[in-house]
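Q: Got a structure for you, questions after.
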Amino acid sequence: MAGAGGAGSGRLVCLGRIAGAWGVKGGVRIRSYTAEPLDIAAYGPLTDETGAGSYRVRAERVAKGMVLAWIDGVADREAAEALKGVRLYVPRERLPETAPDEFYHEDLIGLEARLADGAPLGRVISVQEYGAGDMLEVKLGTGATVLVPFTRAMVPEIDLAAGRVVVDPPPGLLDGPGAPEAGEGS
């Protein structure tokens, strides 16, 4: 992707999600979103999306795509199961800077989306992961949303400093209910 990595902004970045309990002594299974799954424990205490909870993760190993870990203060299976679904975050400034063609998903959320001809399209509201590749979810000016494949061909320009992405969709991608009319945008 074209563009440059952004600096910290006080925002939280999701590093993983607790998928459930592991064993009977309070272990948890974590779906890690870090490049190296075990690195989820390398960023110090993690928090939930509210910033209220604090989770010190001690990663043990990876099994079946999940990090098997311990969280300080979680001593039994029931306590571990109670954490199922909790997303684990770290403040953006604790993460390393990105390479020129790399982005943290949270850096993209909130960016204005414009078409290749400069016409406003909407705003990026999320980045979805479906296994075959990431998708930008863009809320159109009409209130409808559209999923745009997050590829260099579909998103040829990302300018974090200007707060925008350029979307160059193939014919038909933006057609249908809620599609923007000519000249209509965010």
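Q: Restricting attention to the range 55-76, does a residue exist that is closer than 17 Å to L12 by Cα and surrounded by fewer than 17 Cβ atoms within 10 Å (Cβ to Cβ)?
A: yes
Q: Right, next: Across the range 101-111, which residue is surrounded by the most Cβ atoms within 10 Å (Cβ to Cβ) among those that are in contact (Cβ under 8 Å) with a residue 60 or more places away in the chain and part of a loop (DSSP other than H, G, I, E, B)?
A: So the residue we want is F103.
Table: residues versus (1) exposed (fewer than 15 other Cβ atoms within 10 Å of the Cβ); (2) at pLDDT 90 or above; (3) in the same structural domain as L147 (by TED's automatic domain parsing).
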residue	(1), (2), (3)
A99	yes, no, no
A113	no, yes, yes
G118	yes, yes, yes
R123	no, yes, yes
D134	no, no, yes
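Q: Looking for something closer than 26 Å to V138 by Cβ, in contact with a strand residue (DSSP E or B) (Cβ under 9 Å, 6 or more places away or on another chain) and without any contact (Cβ under 8 Å) to a residue 12 or more places away in the chain - is there at least one such residue anywhere in the range 114-123?
A: Checked against the condition, which is being closer than 26 Å to V138 by Cβ, in contact with a strand residue (DSSP E or B) (Cβ under 9 Å, 6 or more places away or on another chain) and without any contact (Cβ under 8 Å) to a residue 12 or more places away in the chain, the range 114-123 yields at least one hit.
Q: Further question on the same structure: Filter the range 90-100 down to residues that are assigned to a helix (DSSP H, G or I) and not acidic (D, E) and give me whichever is farthest from I40 (Cα to Cα).
A: So the residue we want is R92.
Q: Tell me whether the range 90-103 contains one or more residues that are touching a strand residue (DSSP E or B) at 6+ places or on another chain (Cβ under 6 Å), on the phi < 0 side of the Ramachandran plot and of a type in the set (S, T, Y).
A: So far as the range 90-103 goes, no, none of its residues is touching a strand residue (DSSP E or B) at 6+ places or on another chain (Cβ under 6 Å), on the phi < 0 side of the Ramachandran plot and of a type in the set (S, T, Y).
Q: Condition check: of a type outside the set (D, E), over 21 Å from R94 (Cα atoms), surrounded by 15 or more Cβ atoms within 10 Å (Cβ to Cβ) and touching a Gly at 6+ places or on another chain (Cβ under 9 Å). Does L46 satisfy that?
A: So L46 does not fit the description; no.
The values are calculated or read from the model by the stated rules, or taken from the named source; none is laboratory data. What you see is a predicted model, and the numbers here were worked out from it, not measured in a lab. Because the Cβ atoms are built from the backbone with ideal geometry, glycine has one as well, and the counts that use them run over all protein chains shown.
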